Amino acid sequence: MGERAIICVGNRSRSDDGIGPLIAEELLSRNLDVPVHFSNGEPGELLDLWRGLDRAVMVDAVLTGRSEPGTVQVLRAGDEPLPVISHASSHGIGLAESIELARSLRALPADVRLVGIEAESLEPGSELTPAVRAAIPDAIEQILTEAGDA
Amino acid sequence: MTRRVIDVNYLARVEGEGSLYVKLDGDTISELEFGIFEPPRFFEAFLQGRDFTEVPDITSRICGICPIGYQTSSINAMEDLCGVTVPAEIDALRRLIYCGEWIESHALHVFLLHAPDFLGYESAIHLAKDFPDEVKMGLRMKKAGNSVVQVVGGREIHPINMKVGGFFRAPTRRELRALIPELEWGLDAALRTVNLVTGFTFPDLKRDYLFVAMRHEDEYPMARGRVVSSDGLDITAHEYEDHFQESHVERSNALHSLTSDGRAYHVGPMARFNLNADFLTPQASAAATRANLVPPVTNPFQSIIVRAVEIVLAFEEALRIIAEYDPPEPPAVEVSPAAGVGFGVSEAPRGLLFHRYQIDGHGLIEEARIVPPTSQNQPTIEADLHDLITANLSLSDEDLTWQCEQAIRNYDPCISCATHFLDLRLDRG
């Protein structure tokens, strides 16, 4: 098995966008074999975290508007460009753009899986909405599957 | 008579929303509107009733890319009101964290937002395919700036260590020294950046600007100084509102600023450079000379070179401050509230940032006023666009729109990201 890592992205001050950091905390407390990182999504930082990885499991809130809040879905970023579904962080560089930027730079791991949790609200606020909070166990199970399978 | 309309609508993004609408009747511009319709955020209103010590942490939330600017101007205003001066060690630390902010903001703008315009790419993602080393260099420089903000400010985004009177905790010498290798690399990369952007082709536009920036007797301005202009104004922050006024314009949620006699003015890197070139640091000054940058620079497209020169300056200053660093002890001076009105300015990456606060005898804020650089530059941006379009009517709508967007980004307005993802609708009458 090649080098793998779980990288959780998000912002605690933007309601459901706080699910990334919350899941990172939970996973870190479990002392997994696979390294777990939290990132604010800054593209330079992500490039550093991605260096040397064969597989990156990215965790982030997404806002597609096409699923019920709390829906957990997995997107493979390795094959074709991601739709810009991620939240926009400072000055609009979201995770999807960072992934595409890294792809252009040939600095993207061969296998990138985005475990996205459909958000209900990305408004200022420190609480998750109930539907998104209830999705945490599902999301974690999915993350561990993506990080662990062959 | 041919009528054409250039209407640039905007695809939603979180940090800001803007639009450009131009209507031409033959060779005459009959309407030109650069609009910002980002919802007003009411910071000035919800600061009312808060304690004066809370203001740096609240205002830093206005912007994810320039929190230090907001923190610094608000702290300056409160210290002005309460009659506090801080020791040189605290001033140095404030300048250091401001260097970090300039580096991260300018590197982001030069490489990810503005360079694609000059090199003919739709976005940084497209640019990165052909210029991977340059984009990586830009991202690494940005990260070096972030590291300074993190170490001095406690975290990278919305840092938490600055307070009225100084800092909650002074970083140790060892923590700062750990930054040196990356800052030395960054200085070299910034010098290469100046060479790179100097080689770009610049659309021909020269305008007779009124430049407004800060000036300090000892240094290139960042966190402290007076307000000066290219026509001889030299005032303190107290007198700012006697000379510059904001008014509401229907099409924009941001207020427009003009001088009290009704003139548009220009704030930001070009204004700073033109009014303070004698205070450039040695390598920044040499880089400006090599780039043939002689004040007054009046082609707004050359602001990208000025930004690159300011990145050099910020790395040089960061390295100097760290080399001379003496941790302030204590890290902050005591500040007791005094009823009255305080005024503060600082040079945010995008230009002059003015704050005014009125507080009562218990330290509670009664009134707040914040004038960010983008609202000050809005009338100037429209005037640039007017001249640019008039001089380039022979261009296709597509090329003209491209140049207009590029011209808006000369000011790195806080809607830069938005204007990188534009829908264009053409409507020929």
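The values are calculated or read from the model by the stated rules, or taken from the named source; none is laboratory data. Only a predicted model underlies this, so the values are computations on that prediction, with no experimental measurement involved. Methodologically, a virtual Cβ is constructed for each residue, glycine included, from the backbone with ideal geometry; neighbour enumeration extends over all protein chains shown. Heads up: the accessible areas ignore ligands, DNA and RNA and are worked out on the full protein's heavy atoms, side chains in. Shrake-Rupley method; radii C 1.70, N 1.55, O 1.52, S 1.80 Å.
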Being away from chain B (no Cβ under 14 Å), farther than 25 Å from residue B:60 by Cα and either at pLDDT 90 or above or outside any helix (DSSP H, G or I) (or both) is the requirement here; does residue A:141 meet it? yes
Sort out which residues of the range A:128-138 are part of a helix (DSSP H, G or I) and surrounded by 18 or more Cβ atoms within 10 Å (Cβ to Cβ), and write them in order of number. A:132
I'd like to know if the range B:356-366 contains one or more residues that are assigned by TED's automatic domain parsing to the domain that holds residue B:207, at pLDDT 95 or above, touching a Pro at 6+ places or on another chain (Cβ under 9 Å) and surrounded by 24 or more Cβ atoms within 10 Å (Cβ to Cβ). yes
Counting only residues that are within 12 Å of another protein chain (Cβ to nearest Cβ), touching a strand residue (DSSP E or B) at 6+ places or on another chain (Cβ under 8 Å) and open to solvent by 20 Å² or more (accessible area, probe 1.4 Å), the range A:39-61 contains a total of 3
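Per-residue answers, yes or no, for (1) open to solvent by 10 Å² or more (accessible area, probe 1.4 Å); (2) outside any loop (DSSP other than H, G, I, E, B); (3) at pLDDT 90 or above:
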| position | (1), (2), (3) |
| --- | --- |
| A:78 | yes, no, no |
| A:84 | yes, no, no |
| A:91 | no, yes, no |
| A:98 | no, yes, no |
| A:103 | yes, yes, yes |
| A:112 | no, yes, yes |
| A:116 | no, yes, yes |
Could you please find all residues in the range A:96-150 being touching a Ser or Thr at 6+ places or on another chain (Cβ under 7 Å) and hydroxyl-bearing (Ser, Thr, Tyr)? A:121, A:126, A:129
Restrict the check to the range B:102-121 and report whether at least one residue is in a loop (DSSP other than H, G, I, E, B) and in contact (Cβ under 8 Å) with a residue 40 or more places away in the chain. no
Taking the range B:149-184 as the search range and keeping residues that are within 25 Å of residue A:99 (Cα to Cα) and in a helix (DSSP H, G or I), which one is most open to solvent (accessible area, probe 1.4 Å)? B:150
Single match in B:391, B:383 (criterion: at pLDDT 90 or above and closer than 20 Å to residue B:249 by Cα): B:383
